[in-house]
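Asks: Attaching a single structure in structure tokens format; questions to follow.
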Amino acid sequence: MGNKELEYVQEAFKTNWIAPLGPHVDGFEHDLATYTGAGHVAALSSGTAALHLALILLGVGKDDEVICQSLTFAASANPIVYQGAVPVFVDSEEDTWGMDPELLEEAIKDRIAHGKKPKAVIPVHLYGMPVKMDEIMAIAAAYDIPVVEDAAEALGSTFRGKACGTFGQLGILSFNGNKIITTSGGGALTGNDEALIKKARFLATQAKDPAPHYQHSQIGYNYRMSNVCAGIGRGQMEVLNERVAQRRANHEYYLNQLGDFPGITFVIEPEGFYSNRWLTTILVNPAESNGVTREDLRLALEKENIESRPLWKPMHLQPVFEAAPAYENGTSERLFDQGLCLPSGSNLTQNDLDRVINIFNEVMQPQKV
Ligand SMILES: *Cc1c(COP(=O)(O)O)cnc(C)c1O
């Protein structure tokens with residue numbers, strides 16, 4: 001937390017706005033729109049809720065197909081199934097680890113050949129690194145398929161100067177506890193079509209028709225953000241740039257200290273890509289690292305009580321999505337085998353970082369121990 005969150009929360013208490021609406025909700029939406037350049041923003045209870053509403057707004061229903069990046073967290077894909085629709089997974093490319101544009105086009109053509117045009121495409125800005133959005137948007141536009149951008153991990157990231165989450169017809173953000181800023185739990189839906197975002201707010205507050213009594217013509221949801229959480233969010237917006245700078249400094253330090261080890265590689269920002277470096281991730285290729293594997297490093301860190309994690313396990317390899325169609329090129333599977341998320345918190349001290357580096361030095365250069 002920064003310094004202002006408690007003040008905003010106290011204001012919510014003092015004014016008795018303890019509800020899933022109120023001045024902080026409006027203020028937080030305004031802050032997010034200003035920061036990202038999104039035309040309109042709806043503050044919601046989670047990023048997952050935002051994705052669910054996005055699919056509803058785009059008319060995704062039973063037996064429809066929705067293309068989703070395979071290498072991601074399950075929350076990118078689960079809302080497709082909430083709608084009774086079928087996820088179709090598309091693999092990643094090597095540069096950014098995001099959805100492979102060529103494979104996307106192949107998948108779209110093949111689904112159309114199978115008699116079903118996908119209803120939406122969900123690319124994911126993974127670990128803060130923007131997807132190749134120009135190519136993805138061009139392909140989606142060529143086939144007239146709307147894009148829902150999963151920017152849950154990418155608040156503060158930009159592609160060619162434009163904020164992640166503002167390219168697609170709709171975009172989603174997350175303020176879950178593990179994200180770059182948090183409202184304890186929360187999310188947002190972004191878009192330029194005001195009518196769609198208004199409709200999202202309507203559906204998120206139980207779809208109440210305008211009437212003195214409770215009247216409903218549609219199925220609604222309890223997905224709105226509370227005024228208390230939005231108060232935290234307003235405080236967090238004031239430290240967002242600082243958080244991005246801290247995360248990027250973590251990445252820079254790891255890169256400088258570990259980048260020369262044979263077999264260890266980092267994701268470098270291509271020209272025009274700016275990542276918030278939410279998590280610093282590396283690949284460990286045992287063919288080049290004298291046999292040292294990702295697991296050797298993870299377990300050595302764990303022994304010192306330092307948590308690191310493999311990358312997201314691709315959705316097309318998850319038991320729950322076994323039956324879903326998938327367009328693979330082997331990239332996400334290899335990334336999953338070799339990838340490691342390093343400790344990346346905004347509050348890591350120099351000493352914390354050096355503890356990690358020391359363990360790498362020991363494991364990578366056993367002769368020097
Ligand atoms: C965290 C996350 C979500 C879900 O956000 P919640 O606010 O936790 O529901 C969706 N997609 C990705 C890629 C995420 O990392």
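The values are calculated or read from the model by the stated rules, or taken from the named source; none is laboratory data. Quick caveat: nothing in here was measured; it's all calculated off a predicted structure. FYI the Cβ positions are ideal-geometry reconstructions off the backbone, even for glycines, and counts take in every protein chain you see. In case anyone asks, the SASA skips ligands and DNA or RNA and just uses the protein heavy atoms, side chains included. Shrake-Rupley method; radii C 1.70, N 1.55, O 1.52, S 1.80 Å.
Asks: Being assigned to a loop (DSSP other than H, G, I, E, B), more than 26 Å from Arg243 (Cα to Cα) and not β-branched (Val, Ile, Thr), is that true of even one residue in segment 291-298?
Replies: Taking segment 291-298 and keeping what is assigned to a loop (DSSP other than H, G, I, E, B), we get 291-293.
Now drop any that are not more than 26 Å from Arg243 (Cα to Cα), which leaves 291-293.
So of that shortlist, the ones also not β-branched (Val, Ile, Thr) come out as 291.
Within segment 291-298, one or more residues are assigned to a loop (DSSP other than H, G, I, E, B), more than 26 Å from Arg243 (Cα to Cα) and not β-branched (Val, Ile, Thr).
Asks: State whether one or more residues within segment 253-262 are in the same structural domain as Glu94 (by TED's automatic domain parsing), open to solvent by less than 30 Å² (accessible area, probe 1.4 Å) and not small (Gly, Ala, Ser).
Replies: Applying the first criterion (in the same structural domain as Glu94 (by TED's automatic domain parsing)) to segment 253-262 yields none.
No, there is no match, as no residue in segment 253-262 is in the same structural domain as Glu94 (by TED's automatic domain parsing), open to solvent by less than 30 Å² (accessible area, probe 1.4 Å) and not small (Gly, Ala, Ser).
Asks: Determine if segment 298-314 includes at least one residue that is open to solvent by 30 Å² or more (accessible area, probe 1.4 Å), closer than 20 Å to Val90 by Cβ and of a type in the set (Phe, Trp, Tyr). Can you show your working first?
Replies: Of segment 298-314, the ones open to solvent by 30 Å² or more (accessible area, probe 1.4 Å) are 298-299, 302-305, 307, 309-310, 312-313.
Applying the additional criterion that residues be closer than 20 Å to Val90 by Cβ yields 312-313.
With of a type in the set (Phe, Trp, Tyr) added as a condition, the list becomes 312.
For segment 298-314, residues open to solvent by 30 Å² or more (accessible area, probe 1.4 Å), closer than 20 Å to Val90 by Cβ and of a type in the set (Phe, Trp, Tyr): present.
Asks: So, Ala75, is that one open to solvent by 10 Å² or more (accessible area, probe 1.4 Å) and under 30 Å from Glu238 (Cβ atoms) or not?
Replies: On the way: open to solvent by 10 Å² or more (accessible area, probe 1.4 Å): yes; under 30 Å from Glu238 (Cβ atoms): yes.
For Ala75, the condition - open to solvent by 10 Å² or more (accessible area, probe 1.4 Å) and under 30 Å from Glu238 (Cβ atoms) - is met.
Asks: Would a scan of segment 101-117 turn up a residue that is assigned to a strand (DSSP E or B), at negative phi and in contact with a helix residue (DSSP H, G or I) (Cβ under 7 Å, 6 or more places away or on another chain)? I'd like the intermediate steps shown before the answer.
Replies: Going residue by residue through segment 101-117, those that are assigned to a strand (DSSP E or B) are none.
Scanning segment 101-117, I find no residue that is assigned to a strand (DSSP E or B), at negative phi and in contact with a helix residue (DSSP H, G or I) (Cβ under 7 Å, 6 or more places away or on another chain), so the answer is no.
Asks: If you don't mind, another one. Has segment 78-89 got at least one residue that is more than 16 Å from the ligand (Cβ to nearest atom), touching a Gly at 6+ places or on another chain (Cβ under 9 Å) and free of Cβ contacts under 8 Å to residues at least 24 places away in the same chain?
Replies: Yes, segment 78-89 has at least one match.
Asks: Between a residue in segment 7-18 that is more than 13 Å from Ile232 (Cβ to Cβ) and any residue that is open to solvent by 80 Å² or more (accessible area, probe 1.4 Å), which pairs come within a Cβ distance under 9 Å, given they are 6 or more apart or on different chains?
Replies: Once the first residue is more than 13 Å from Ile232 (Cβ to Cβ) and sits in segment 7-18, its partners that are open to solvent by 80 Å² or more (accessible area, probe 1.4 Å) give Trp17/Glu11.
Asks: Here's something else I'd like to know. Here are Ala75, Ala43: which of them is within 16 Å of Gly186 (Cα to Cα) and more than 9 Å from the ligand (Cβ to nearest atom)?
Replies: Values: Ala75 fails: more than 9 Å from the ligand (Cβ to nearest atom).
Criteria check complete, one pass: Ala43.
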